[in-house]
Amino acid sequence: MTRVDIFQELFLVFLGLGTIVGIIVVAYILYNAYKYRDDGERHPDEDLPTLGELPTGGTGGKKLFVSFFLSALIVISLTLWSYGMLIDVESGPEGPSEDALEVDVEGQTFSWSFYYENGVESSNELVVPAGTPVWVDVTSVDVWHSFGITSQRVKADAIPGEHDQTWFQADDEGEYLIECFELCGPGHSSMEGTLTVMSQEDYEQWVQDQLTLTLTLEDGEGEQLNETENVEVTVQDSDGETVGTYTGEDFDDEGALEIGVEQGDTYTVIVESTDGSFETTEDDFEIVDGPEESLQIGGSDDGNGNDESSSDGDEDGNGNEDENENETDDSGGEN
Ligand code: CUA
């Protein structure tokens with residue numbers, strides 16, 4: 001049972017009982033108003049209580065006792081039942097918890113950041129698979145916010161230094177509004193995000209896209225290179241560990257190389273030529289939102305200001321000679 005189901009059931013039961021009780025009470029009032037209407041005659045009232053005597057309702061207090069007992073029974077069982085339902089809301093959905101998705105939510109003025117277990121990060125868009133319980137761990141980096149998705153009956157305080165956990169399970173694919181439920185500043189009303197619910201299949205594809213650095217190579221004039229046979233690509237993570245080496249054969253037909261990466265880390269991509277047709281080039285890429293990057297080889301010094309893309313080889317002068325061979329006088333003049 002999802003949160004939506006639970007709150008829907010609570011609402012319907014209270015609405016139903018309230019309606020029944022209301023109908024009984026109003027009907028009984030009308031019945032008595034009619035029964036004891038003024039018909040112009042006087043009736044002796046045997047049940048009229050004397051001073052100091054409790055009214056018994058005519059049957060020795062039985063009516064009074066029954067109505068009190070019934071009311072108490074209804075109120076107590078409703079209370080127990082509601083709290084039982086709310087415990088379900090607190091403790092989360094049944095079933096193995098390893099099926100659940102865990103996402104850390106961070107509020108800041110005035111946006112939301114989402115951090116997934118597998119290293120995926122996204123900003124203002126929470127993507128989840130349909131029919132899967134999602135646990136969110138909500139906090140804030142600055143002032144008090146409140147993470148809310150009305151359509152999923154989700155609300156969790158986002159307070160610096162504190163972590164408020166809650167869950168939801170979206171059964172229907174689609175897009176839902178994420179809002180901030182705590183007045184947090186001038187941008188409060190625009191502190192919105194999107195909850196995107198997709199099929200398990202689409203979700204896995206989305207995660208895969210987020211964890212892929214798509215690399216294409218350009219020549220000195222910014223044209224994409226499709227000739228990649230003589231290329232060797234080495235990828236290092238921020239600790240300098242090599243996470244993968246690729247050759248020209250790993251590039252697809254469109255000249256793109258897909259590299260599996262982790263989000264949030266910075267990767268150094270080193271492109272070497274196996275036949276010496278261009279100098280070794282490297283660049284750093286920070287991985288956010290499934291990047292597609294292009295790396296320029298054989299023209300690293302053409303005034304694009306990207307000094308990271310040149311290697312040590314530049315300093316010994318060989319690089320410049322190589323470039324002059326590859327570039328026309330026009331592009332050199334742009335310096
Ligand atoms: Cu954040 Cu209101």
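Bear in mind that the values in this text are calculations on the coordinates, not laboratory data. Being a predicted model, the structure only gives us computed values, none of them experimental. Note: ideal-geometry Cβ built from the backbone for every residue, glycine included; neighbour counts use all protein chains shown.
Residue-by-condition table, conditions (1) buried (at least 18 other Cβ atoms within 10 Å of the Cβ); (2) touching a residue at least 40 places away in the same chain (Cβ under 8 Å); (3) polar (S, T, N, Q); (4) within 16 Å of the ligand (Cβ to nearest atom):
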residue	(1), (2), (3), (4)
154	yes, yes, no, yes
159	no, no, no, yes
168	yes, yes, no, no
171	no, yes, no, no
181	yes, no, no, yes
185	no, yes, no, yes
190	no, yes, yes, yes
213	yes, yes, no, no
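Among the residues of the range 107-124, those that are more than 16 Å from the ligand (Cβ to nearest atom) and not hydroxyl-bearing (Ser, Thr, Tyr) comprise 117, 118, 119, 120, 121. The test for being hydroxyl-bearing (Ser, Thr, Tyr), within 26 Å of residue 86 (Cα to Cα) and either in contact (Cβ under 8 Å) with a residue 40 or more places away in the chain or touching a Phe, Trp or Tyr at 6+ places or on another chain (Cβ under 7 Å) (or both) does not hold for residue 111. Inspection of the range 137-148 finds a residue satisfying the criterion of being more than 15 Å from the ligand (Cβ to nearest atom), at negative phi and outside any loop (DSSP other than H, G, I, E, B). Residue 220: crowded, with 16+ Cβ neighbours inside 10 Å and part of a loop (DSSP other than H, G, I, E, B), yes or no? It is true that residue 220 is crowded, with 16+ Cβ neighbours inside 10 Å and part of a loop (DSSP other than H, G, I, E, B). Of the residues making up the range 104-136, just one is assigned to a strand (DSSP E or B), surrounded by fewer than 19 Cβ atoms within 10 Å (Cβ to Cβ) and among the hydrophobic types (A, V, I, L, M, F, W, C), namely 135.
With respect to the stated conditions, residue 177 fails to be part of a loop (DSSP other than H, G, I, E, B) and either small (Gly, Ala, Ser) or within 16 Å of the ligand (Cβ to nearest atom) (or both).
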